[in-house]
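Only one structure is covered here, and it is reproduced in the block below.
The values are calculated or read from the model by the stated rules, or taken from the named source; none is laboratory data. Note that the structure is a prediction, hence the values are computed from the model and not measured. Cβ atoms come from the backbone with ideal geometry, glycine included; neighbour counts cover every protein chain shown. Note: areas computed on protein heavy atoms with side chains; ligands, DNA, RNA excluded. Shrake-Rupley method; radii C 1.70, N 1.55, O 1.52, S 1.80 Å.
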Amino acid sequence: VLPRATHDAMAAYVASGMLAAAQDHDIGGMQLPCVVEMAANAFFSKASVAMAAYAMLTSGNANLLMAHGTPLQREVFAKNEFAGRWFGTMCLSEPQAGSSLSDISTRALPDGDGFEADPLGPRYRLSGHKMWISAGEHELTENIVHLVLAKTPGSDGRPVPGTRGLSLFI
């Protein structure tokens, strides 16, 4: 549970339009060059590294979805993040793996019959352990969008060695 001042500061940041500053006008952006957005955000980071992290994680999460998500994923997830209604985070590293992607052990298994039919993309059940999930739990926004690195099993149902089968799940 965060102090009221954190809520107020993040609401002011969202109202400034900085979450979507480098995005197109049609999704609430200012169409600023990325380097200008980054320079402006340096001032927010100097004011509070902790609060700037909420914005940095959300912007990175939404930008990744804009670059690699489906049109519906962009509409549902990224646009709500850029609007400040939802914040984002990333769940990548694991205690036994650190930065070694071949050692990721979080598993993604298809979520029942028809798992491929979900309009937002195929549904999976994830299980495993992540660490360093900054901004992973708070009441600042109505939703938190987690991007989770996990492996799908091979055709025999067993984990595939190395980095094959790694995917990023919303």
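Here are some notes:
- Solvent-accessible area assigned to carbon and sulfur over the stretch 46-170 amounts to 56 percent, based on a 1.4 Å probe.
- Summing Lys and Arg as +1 and Asp and Glu as -1 over all other residues whose Cβ lies under 12 Å from the Cβ of ALA62 gives a net charge of +1.
- When all protein chains stay in place and ligands, DNA and RNA are ignored, the 1.4 Å accessible-area order of THR70, THR152, largest first, is THR70, THR152.
- The local environment of ALA108, defined by Cβ-Cβ distances under 12 Å, has a net charge of +3 under the rule Lys, Arg +1 and Asp, Glu -1.
- At q = 0.11 Å⁻¹, base-10 log of I(q)/I(0) for the stretch 1-145 (Debye sum, equal scatterers on each alpha carbon): -0.48
- Expected 222 nm ellipticity per residue - DSSP helices of 4 or more, -39500 (n - 2.57), all of the chain, to 500: -9500 deg cm²/dmol
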